[in-house]
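Comments concern the structure below.
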Amino acid sequence: MRRAWDSRWLAVWLVLLLCSGCATLGHAQRDAAAEIAQAARSTRVDCARVDACATPSPVLDMARTVWAASTAQAPHHRALILDNAPDALLLRIHLIRSARRSIELQTYIFDEDDSAQLVMDELEAAAFRGVKVRILIDQLAALRKVETLAALASLHANLELRLYNPVLDRAHLALPMYAVASLCCWRQLNRRMHNKLLVVDGLVGIVGGRNYQDDYYDWGEDYNFRDRDLLLAGPQVAAMQANFEAFWRSPRSVPPARLGDVARYLRRYGAPTTPPHHPFRRPERVRALLAQVDDPALLHERFVTPALEVGGVSFIADLPGKHRDDTFADLPADQAVGAASHGLLGLVQGAQRELLLQTPYLVISRPAQQAFRALHQRAQPPRILISTNSLAATDAFIAYAMSYKYKRRYLRDFGFEIHEFKPFPGDVPFELGETGAALEREPEAEPGAAAGEQADTAGAPAAIGSGSRLLERRLAKRGLRSEPVSEAARLSPFASSGGLPVRLKRAGLRMGLHAKSMVVDERVGVVGTHNFDPRGDTLNTESAVVIADPAFARMLAQSILRDMAPANAWTIGRRDEGPLLPGVEYTLAKLSERMPIFDLWPRKYATSFDYVPGPGCLPTSTPPSPFAADFRRCNHPVGDFPEVDLGLKWLGVRLFTAFGSGLSPIL
């Protein structure tokens, strides 16, 4: 009887939640809220100089030189791979401080932790200097507090914020509302803007995998991403800016003041005076990074000198029209891909000798599977090396479960040489220095500490650049909230179960792969946002920079191969055959794999191998091929899920392997 009563109350609660989630404001109420925000926006400009008191920048000077040398017939570009995570944050801060006219920022995740709040501080300061700042964030991952969104909407006439594809008329979608959206608005919920872009003064742009969250910049406490961005200067930056403009002007991009929860906040409480601030979690780390922002010699050494002169540059990207209901209506299912996917698929099909592919989630779409199968069936197929996450390293175990299910297909039918990233890699770019994750926390302020005492802890003269008085005041108030949520968790409709790393056998600060890159025949290199997965083909909008330049391609290949080195990755190879009827076992395993559900065969075709140096097996940085005749001489099997504490998450992997293949298109 009690169970029946509880079920009735649960049903009532869900109905009420659904009704509240679908409640909307009228046009007059939205207009009133927008007017409140508009009236509160400051028009004060703190700088009267024509350059908006911008910090001098050797990076933007390089970009101006490149643009000046370019013509329509002979464009010039310079490009720099951003592997070092704190440098990727440092460059963003520097470019924002150096902006004279405009900043366009487009991203999937914008959190409210140290790194994201630091970037927002700089964007706000730029607006008060006189720079036009436009910020476009996917609604599913846009900040965390309605108050923050209301404050940013009301801050300054030079700062505009829009949220892409809002669901349920909300700027912030809390977990209960997420459940409601899954019931009522499944199609809209899954169509996300996955693009990441920063363009400054129309001269220089950054594209890549990094969002605005601590774990993308080696600032995470327990987990950080191995990621990659690309700095580009030259005429193709105009294509980036045009793509941003298309998203900005899309009807799906909505100012937060016109969304129900922010509008209600503004009408009830008025415009907040400033965005909510708290002390930084690690202010010393912030000070160390900001001390480098205005150092021209350091900036020249890190971002100008190593930038390559490159040719054959193109920017490929989806448009918001990808999210129209009729976008793929007339195409067969195996051809329904967006513009970015189509361009990348063409590069895959053109591979002749070798293809390096790096993706955090090895879930291959149907068109891509057909392309890889065709490559492998050639008389002389190209070598295909894959860098992806292990179960121990991934932040999305559901996506890993789908990869685990199809290992036989990947190895036998596609010829993949798969190298799965270790959670504690021995040799990857990771910053443990003065700006990195290894810094000890500064003492927490006492609960009764005065605001002035907090300011003394967080502020520092080195943190202040020209025209940044507003920033100085805000650095004294900033702080950290709860632990970040990963991109995979935000993207997945099963965020509560699929967006956290699994438990390991040993503790430590671990890493997971998040870079999305490709190299074809050491002649074409790609850095972008596409995970080469079904979501990227049909649901997410994506973008990438393609550079057909051998020198650049070789440099990118070296970076990817480093992540595949034995110190950093396990190699996937065929497991030892069973002692009884191995041919029958293989056939049964293959049949089980092909089942959309009830894939219950316990022994999979492949397992993980680790390179063990010893007599005749010298230490090496070369990724081993599982198809080499002497592979077993130096590589020893270490089980299907090395380093993982086989608990409930492991059981989840097996369950999703057995029953979850139908989820592949949305993972």
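Observations, loosely collected:
- In terms of its C-alpha gyration tensor, segment 211-289 has an oblate overall shape, because the principal axis ratio a/c (a ≥ b ≥ c, square roots of the eigenvalues) is not below 1.5 and a/b does not outweigh b/c.
- Anisotropy class of segment 504-566 from Cα gyration tensor, a/c 1.5 cut: oblate
- Dipole magnitude (debye, nearest 20) for segment 223-307, charges at Cβ of Lys, Arg, Asp, Glu: 600
- Remark: segment 306-311, residue by residue, has Karplus-estimated 3J(HN,Hα) of x, 5, 8, 6, 10, x Hz, where x stands for each Gly or Pro and the curve is 6.51 cos²θ - 1.76 cosθ + 1.60 at θ = phi - 60°.
- Prolate/oblate/rounded label for segment 268-314 (Cα gyration tensor, a/c 1.5): oblate
- With K and R counted +1 and D and E -1, the other residues having a Cβ less than 9 Å from that of residue 165 yield a net charge of +2.
Every number here is computed from the coordinates shown, using simple stated rules; none is lab data. These numbers come from a predicted model, not from an experiment. So basically every Cβ, Gly included, is an ideal-geometry build from the backbone, and we count neighbours across all protein chains shown.
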